[in-house]
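So the structure is just underneath, and the comments pick up after that.
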Amino acid sequence: MAAVTEAADTEARRNPLQARFYSHATLECLDIAKTRAFFDEFLGFDTVQMADVSFWARMGGDQVIVVVKSPTGKKADMPFLNHNGIDVETDADVDAAHAIVRRDQAKWGIRNVTRPIVQHGTYCFYFTDMDGNVWEILSNPKGGYSWGFERGDQVGKGHMTRSFARPDTTGGAGD
C-alpha cells in the first residue's frame, strides 16, 4: 500500500494540473481563406472551418493547430525559435520539399527560405509563411522527436553540435 501512495504522490508532484494531453497550439493569420488554402493545398494538413475567423488544422495525429484571424488586422512575425516543425521521411524528402517551397514561394507569399543543413540532430530547412509564421521541414524517424526521450538527458551542447550522432531516418540517411 505504501508503494501505491508513493507513486501517487510522485505523479501529483510531476503533474499537479492532472494534464493528460497536449491538444493544440494557436497561430494567427491575416486572411483566413488564403491561409486555410495554404494549409490544405500546400502544407497538406486536414482542416475544418470552426468559425468565420478560425479553422483547425491537423496532420498525422490528434494535436491541432487553431488558426485565428488577427482581430487587429496586423500581426508581428513569429520569432524564429518559436517555429513549427513538419517531419518528412528522409533527407532526400527534405531536399524535394525545399525545391517545392522555392518553386511556389511567390504563389504563397513565402519568404526567408534557408538552405537545408544538418543541425540539432536532424536535416532541415526553414521558411516564413505569408502570415509571418516560421516553419521547419525536417527528416525525422517515425515518432518525430521521441528518439530524444529514448536517449535521455544530454550534456553540454548535446543535439546542438554538428557531431551529434543523428538517429537514422526511416530511409536510413543518418550521419
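What follows is calculated from the coordinates using simple rules that are stated; it is not laboratory data. Every value quoted in this text rests on a predicted model; they were computed, and no experiment measured them. Neighbour counts are summed over all protein chains in view; Cβ atoms, including those assigned to glycine, are modelled from backbone coordinates with ideal geometry.
Here is the figure for the range 25-75: residues that are among the charged types (D, E, K, R) and either touching a helix residue (DSSP H, G or I) at 6+ places or on another chain (Cβ under 6 Å) or in a strand (DSSP E or B) (or both) total 4. If only residues of the range 31-55 that are buried (at least 16 other Cβ atoms within 10 Å of the Cβ) and either in contact (Cβ under 8 Å) with a residue 24 or more places away in the chain or β-branched (Val, Ile, Thr) (or both) are counted, the one that is nearest to residue 108 (Cα to Cα) is 38.
With respect to the conditions (1) out of contact with any strand residue (DSSP E or B) (no Cβ under 7 Å at 6 or more places or on another chain); (2) in a loop (DSSP other than H, G, I, E, B); (3) among the charged types (D, E, K, R), residue 115 falls short on a single one, namely (1).
Within the range 126-149, the set of residues being in a helix (DSSP H, G or I) and within 17 Å of residue 59 (Cβ to Cβ) comprises 146 only. Screening 162, 115, 166 for residues that are among the basic types (Lys, Arg), in contact with a Ser or Thr (Cβ under 9 Å, 6 or more places away or on another chain) and touching a residue at least 12 places away in the same chain (Cβ under 8 Å) leaves exactly one candidate, 166.
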